[in-house]
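Asks: Below you will find the structure I want to go over with you.
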Amino acid sequence: MSGQEYSTLVPRCKTVQRVKYLVVDLILLALVWVSWTFRIPGLDEWPAIVLCIPLLAMVAVTLVFPGIYHRHYRYMVTSDKVDVRRGVIFLRHTVVPIERIHQVNVTGGPFSRMFGLARVEVTTAGGTAHLEYLERDVADGIAEELNRTVDAILRARKHA
């Protein structure tokens, strides 16, 4: 497990986020095109114009949010806790004590897998914490180490 310093994400996480946002942008663009092409008589251009506003907002989000998210995201895994700081507008700080962990999974969506990234899901009785956009081997290493540590804690409790 890492020392007492926060780790940051690899820069290609921004690319994965931009690809995800781009899919939403393309769906909104398709809705604008459909509403413009198949206008209902009497409604003029309003449906297309109204859909352009969220489309422009999503384009801005696609360009700006991944960089901010990358800059804010920090995580630390120590022998006693998993600590994650992340966010764009609202910053979240999640700390999960190791002894509270019930399950650790490594997952990844299609875009993350395309770029060799994965997500570590740390499940507790109170919910799930996520370490996102990690390189696959780093995610596997963290999950393996957390599972070993949790297993050692459970064995120590059993023999106490």
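The values are calculated or read from the model by the stated rules, or taken from the named source; none is laboratory data. Keep in mind the model is a prediction, meaning the values are calculated, not measured. Cβ atoms come from the backbone with ideal geometry, glycine included; neighbour counts cover every protein chain shown. Heads up: the accessible areas ignore ligands, DNA and RNA and are worked out on the full protein's heavy atoms, side chains in. Shrake-Rupley method; radii C 1.70, N 1.55, O 1.52, S 1.80 Å.
Asks: Does Arg136 qualify as being under 23 Å from Pro11 (Cβ atoms) and either more than 14 Å from the chain's Cα centre (by Cα) or charged (D, E, K, R) (or both)? Even if it seems obvious, please write down each step before you answer.
Replies: Working: under 23 Å from Pro11 (Cβ atoms): yes; either more than 14 Å from the chain's Cα centre (by Cα) or charged (D, E, K, R) (or both): yes.
In short, yes.
Asks: Mind checking which pairs have a first residue in region 147-160 that is at pLDDT 90 or above and a second that is open to solvent by 90 Å² or more (accessible area, probe 1.4 Å), Cβ under 7 Å, 6 or more apart or different chains?
Replies: Partner pairs satisfying both residue conditions: Thr149/Ser79.
Asks: Here is a list: Gln17, Gln4. Which entry is in a loop (DSSP other than H, G, I, E, B) and modelled with pLDDT of 70 or more?
Replies: Just a single option satisfies the conditions, and that option is Gln4.
Asks: Tell me which residues, restricted to region 124-160, are over 18 Å from Val106 (Cβ atoms) and in contact with a strand residue (DSSP E or B) (Cβ under 7 Å, 6 or more places away or on another chain).
Replies: Ala125
Asks: While we're here: If a residue counts only when it is of a type in the set (Gly, Ala, Ser) and open to solvent by less than 40 Å² (accessible area, probe 1.4 Å), which strands (runs of 3 or more DSSP E) contained entirely in region 46-160 have at least 1 such residues? Even if it seems obvious, please write down each step before you answer.
Replies: Details: elements: 74-77, 81-87, 91-97, 101-107, 117-124, 127-135.
Those strands (runs of 3 or more DSSP E) span 81-87, 117-124, 127-135.
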